[in-house]
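Following: one structure in C-alpha cells, then a few remarks.
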Amino acid sequence: AVSLGFYKTLFSAPGSSTSSEIPEEEQKAMGLSDGLIRFSIGLDADIERTYHMMRDCMMELKITE
C-alpha cells in the first residue's frame, strides 16, 4: 500500500490508489481525474535534483512544458 506519511518524495495517482474505493462518479464530482497526480515532497538531500527528475518525467509524459 502507498504510505502518505513516508519521509521520501512520493508520487501517486489518487484515482487508482488512495481513492480507488470511491465510486468513479464520486471521484469525478471531487475532481479526481485520470490525469491527477499527487506529489508529496519529502526530505531530500538534493531537492534541486529531485525537482529536475520530476520535471523531466512530467515533460516526457507531456504533462508540462
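Quick note: the coordinates plus some simple rules give every number you see, no bench work behind them. The model shown is predicted, which means the values in this text are computed figures rather than measured ones. Ideal geometry is used to build each Cβ from the backbone, glycine not excepted, and the neighbour counts take in all protein chains shown.
In region 10-60, the C-alpha radius of gyration followed by the widest Cα-Cα span (Dmax) gives 13.6, 40 angstrom. Remark on Gly42: its backbone amide H falls under 5 Å from those of Thr9, Leu10, a criterion applied only to residues 5 or more positions apart or on other chains, H modelled at 1.01 Å from N. The simple spin-label model puts a point 7 Å past each Cα toward its Cβ; for Glu21 and Leu61 those points are separated by 2.4 nm. Here Ser33 and Tyr7 are evaluated by their C-beta separation; at R0 = 25 Å the FRET efficiency comes out at 0.35.
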